[in-house]
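The values are calculated or read from the model by the stated rules, or taken from the named source; none is laboratory data. Keep in mind the model is a prediction, meaning the values are calculated, not measured. Reconstructed Cβ throughout: ideal geometry from the backbone, glycine too, with neighbour counts over all protein chains shown.
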Amino acid sequence: MGGGADVILIPEIPYDLKLVAQQIQDRDAWGAHFSIVVVAEGCKAVGGGTSLLKAASLGRAERLGGAGHRIAAELEEMTGKEARVAVLGHLQRGGSPTAFDRVLATRFGGKAVELLIRGETDRMVAFHPPDITSVPLEDIVGKTKTVPATGFDLVETARAIGVSFGD
(Lines give C-alpha, C1' and ligand atoms only; values in the text may rest on other atoms or scores of the structure.)
Protein backbone atom coordinates (compact mmCIF):
# COMPACT_ATOMS: atom_id res chain seq x y z
CA MET A 1 0.00 0.00 0.00
CA GLY A 2 2.89 2.34 0.78
CA GLY A 3 4.13 1.90 -2.78
CA GLY A 4 0.84 2.96 -4.36
CA ALA A 5 -0.36 -0.49 -5.37
CA ASP A 6 -3.67 -0.71 -7.21
CA VAL A 7 -3.94 -4.50 -6.83
CA ILE A 8 -2.35 -6.65 -4.11
CA LEU A 9 -2.35 -10.43 -4.43
CA ILE A 10 -1.47 -12.27 -1.22
CA PRO A 11 -1.70 -15.93 -0.20
CA GLU A 12 -4.47 -15.31 2.34
CA ILE A 13 -6.99 -13.94 -0.17
CA PRO A 14 -7.58 -16.13 -3.27
CA TYR A 15 -7.82 -13.97 -6.39
CA ASP A 16 -9.79 -14.08 -9.63
CA LEU A 17 -7.57 -12.86 -12.47
CA LYS A 18 -10.63 -11.67 -14.40
CA LEU A 19 -11.39 -9.26 -11.54
CA VAL A 20 -7.79 -8.06 -11.54
CA ALA A 21 -7.94 -7.46 -15.31
CA GLN A 22 -11.23 -5.61 -14.85
CA GLN A 23 -9.65 -3.35 -12.19
CA ILE A 24 -6.84 -2.50 -14.63
CA GLN A 25 -9.31 -1.80 -17.46
CA ASP A 26 -11.50 0.33 -15.16
CA ARG A 27 -8.47 2.40 -14.13
CA ASP A 28 -7.56 2.82 -17.80
CA ALA A 29 -11.10 4.07 -18.56
CA TRP A 30 -10.77 6.63 -15.72
CA GLY A 31 -7.59 7.96 -17.31
CA ALA A 32 -5.07 6.11 -15.15
CA HIS A 33 -3.11 4.45 -17.95
CA PHE A 34 -0.94 2.39 -15.62
CA SER A 35 -1.56 0.11 -12.67
CA ILE A 36 0.75 -1.28 -10.04
CA VAL A 37 0.01 -4.93 -9.27
CA VAL A 38 1.90 -6.40 -6.32
CA VAL A 39 2.13 -10.19 -6.37
CA ALA A 40 3.29 -12.10 -3.29
CA GLU A 41 4.84 -15.49 -3.84
CA GLY A 42 2.38 -18.01 -2.53
CA CYS A 43 -0.69 -16.17 -3.82
CA LYS A 44 -3.35 -18.48 -5.20
CA ALA A 45 -6.09 -18.09 -7.75
CA VAL A 46 -9.55 -19.13 -6.61
CA GLY A 47 -9.46 -22.93 -6.87
CA GLY A 48 -5.77 -22.88 -7.84
CA GLY A 49 -2.42 -23.51 -6.28
CA THR A 50 0.84 -21.67 -5.76
CA SER A 51 3.71 -21.26 -8.23
CA LEU A 52 6.05 -23.96 -6.99
CA LEU A 53 9.65 -23.94 -8.24
CA LYS A 54 10.86 -26.81 -6.09
CA ALA A 55 8.94 -29.19 -3.87
CA ALA A 56 9.80 -29.60 -0.21
CA SER A 57 12.33 -32.28 0.59
CA LEU A 58 14.01 -33.64 3.68
CA GLY A 59 15.24 -30.64 5.67
CA ARG A 60 14.20 -28.11 3.02
CA ALA A 61 11.04 -26.07 2.63
CA GLU A 62 9.30 -25.76 -0.70
CA ARG A 63 10.55 -22.98 -2.97
CA LEU A 64 7.97 -20.68 -4.48
CA GLY A 65 8.59 -18.40 -7.44
CA GLY A 66 7.50 -17.17 -10.82
CA ALA A 67 4.02 -16.03 -9.84
CA GLY A 68 4.68 -12.42 -10.82
CA HIS A 69 5.94 -13.32 -14.28
CA ARG A 70 3.07 -15.73 -14.92
CA ILE A 71 0.40 -13.29 -13.75
CA ALA A 72 1.97 -10.43 -15.73
CA ALA A 73 1.87 -12.51 -18.92
CA GLU A 74 -1.75 -13.48 -18.34
CA LEU A 75 -2.80 -9.89 -17.55
CA GLU A 76 -1.01 -8.64 -20.67
CA GLU A 77 -3.04 -11.08 -22.74
CA MET A 78 -6.33 -10.26 -20.97
CA THR A 79 -5.97 -6.46 -21.01
CA GLY A 80 -3.87 -5.81 -24.10
CA LYS A 81 -1.63 -3.63 -21.92
CA GLU A 82 2.13 -4.10 -21.61
CA ALA A 83 3.18 -5.60 -18.28
CA ARG A 84 6.61 -5.18 -16.76
CA VAL A 85 7.87 -7.22 -13.84
CA ALA A 86 10.21 -6.05 -11.09
CA VAL A 87 11.21 -8.62 -8.52
CA LEU A 88 11.29 -6.76 -5.22
CA GLY A 89 14.07 -8.92 -3.84
CA HIS A 90 16.27 -7.68 -6.67
CA LEU A 91 15.49 -4.05 -5.80
CA GLN A 92 15.81 -4.17 -2.02
CA ARG A 93 19.51 -4.87 -1.84
CA GLY A 94 21.31 -1.80 -0.65
CA GLY A 95 20.27 1.75 -0.13
CA SER A 96 20.97 4.11 2.71
CA PRO A 97 19.29 3.39 6.03
CA THR A 98 16.79 5.93 7.28
CA ALA A 99 16.95 7.48 10.74
CA PHE A 100 14.21 5.03 11.79
CA ASP A 101 16.32 2.09 10.53
CA ARG A 102 19.35 3.25 12.51
CA VAL A 103 17.42 3.81 15.72
CA LEU A 104 15.60 0.47 15.38
CA ALA A 105 18.89 -1.38 14.85
CA THR A 106 20.33 0.28 17.94
CA ARG A 107 17.26 -0.63 19.98
CA PHE A 108 17.45 -4.26 18.77
CA GLY A 109 21.14 -4.44 19.70
CA GLY A 110 20.47 -2.97 23.13
CA LYS A 111 17.69 -5.47 23.82
CA ALA A 112 19.85 -8.39 22.62
CA VAL A 113 22.66 -7.38 25.00
CA GLU A 114 20.15 -6.95 27.84
CA LEU A 115 18.84 -10.48 27.26
CA LEU A 116 22.36 -11.93 27.26
CA ILE A 117 23.29 -10.11 30.47
CA ARG A 118 20.16 -11.60 32.11
CA GLY A 119 21.14 -15.05 30.81
CA GLU A 120 18.09 -15.33 28.57
CA THR A 121 18.81 -17.39 25.47
CA ASP A 122 16.77 -19.03 22.73
CA ARG A 123 14.86 -15.79 22.20
CA MET A 124 14.39 -13.46 19.25
CA VAL A 125 14.33 -9.68 19.63
CA ALA A 126 11.06 -8.29 18.22
CA PHE A 127 9.44 -4.94 17.53
CA HIS A 128 5.94 -4.79 18.97
CA PRO A 129 5.26 -1.07 18.60
CA PRO A 130 6.11 0.93 20.50
CA ASP A 131 8.20 -1.61 22.44
CA ILE A 132 11.22 -3.77 21.71
CA THR A 133 10.50 -7.15 23.29
CA SER A 134 11.68 -10.71 22.94
CA VAL A 135 9.91 -13.84 21.80
CA PRO A 136 10.88 -17.47 22.50
CA LEU A 137 12.35 -19.03 19.35
CA GLU A 138 10.12 -22.07 19.83
CA ASP A 139 7.11 -19.79 19.31
CA ILE A 140 8.25 -18.66 15.86
CA VAL A 141 10.52 -21.27 14.26
CA GLY A 142 8.78 -23.14 11.47
CA LYS A 143 5.68 -20.96 11.63
CA THR A 144 4.42 -18.59 8.97
CA LYS A 145 2.98 -15.23 9.94
CA THR A 146 -0.09 -14.59 7.84
CA VAL A 147 -2.24 -11.59 7.03
CA PRO A 148 -5.77 -11.85 8.46
CA ALA A 149 -8.06 -11.75 5.40
CA THR A 150 -10.89 -10.14 7.35
CA GLY A 151 -10.97 -7.70 10.22
CA PHE A 152 -7.39 -6.50 9.63
CA ASP A 153 -7.26 -2.71 9.52
CA LEU A 154 -4.57 -2.55 6.82
CA VAL A 155 -6.59 -4.76 4.43
CA GLU A 156 -9.77 -2.81 5.21
CA THR A 157 -7.99 0.52 4.67
CA ALA A 158 -6.59 -0.67 1.35
CA ARG A 159 -10.04 -1.75 0.22
CA ALA A 160 -11.51 1.59 1.35
CA ILE A 161 -9.12 3.53 -0.90
CA GLY A 162 -9.86 1.32 -3.91
CA VAL A 163 -7.08 -1.27 -3.78
CA SER A 164 -8.23 -4.62 -5.17
CA PHE A 165 -7.21 -7.97 -3.74
CA GLY A 166 -8.61 -9.75 -6.77
CA ASP A 167 -11.66 -11.02 -4.90
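Observations on the model:
- Applying the criterion of being under 21 Å from VAL141 (Cβ atoms) and among the aliphatic types (A, V, I, L, M) to the residues of the stretch 56-69, the residue that is surrounded by the fewest Cβ atoms within 10 Å (Cβ to Cβ) is LEU58.
- In the stretch 131-157, the residues that are modelled with pLDDT of 85 or more and polar (S, T, N, Q): THR133, SER134, THR146, THR157
- Taking every residue in the stretch 1-16 that is buried (at least 18 other Cβ atoms within 10 Å of the Cβ) and pairing it with any residue that is of a type in the set (S, T, N, Q) and in a loop (DSSP other than H, G, I, E, B), at least 6 positions away or on another chain, the pairs with Cβ-Cβ distances below 6 Å are ASP6/SER35.
- Some residue of the stretch 86-95 being of a type in the set (Val, Ile, Thr), within 19 Å of the chain's Cα centre (by Cα) and modelled with pLDDT under 90: yes
- Residue match in the stretch 58-72 (condition: at pLDDT below 90, of a type in the set (A, V, I, L, M, F, W, C) and within 15 Å of the chain's Cα centre (by Cα)): yes
- From the options ALA32, ALA21, residue that is out of contact with any Phe, Trp or Tyr (no Cβ under 8 Å at 6 or more places or on another chain) and surrounded by 12 or more Cβ atoms within 10 Å (Cβ to Cβ): ALA21
- Subset of the stretch 135-149 (residues that are closer than 15 Å to ALA61 by Cβ and surrounded by 11 or more Cβ atoms within 10 Å (Cβ to Cβ)): ILE140
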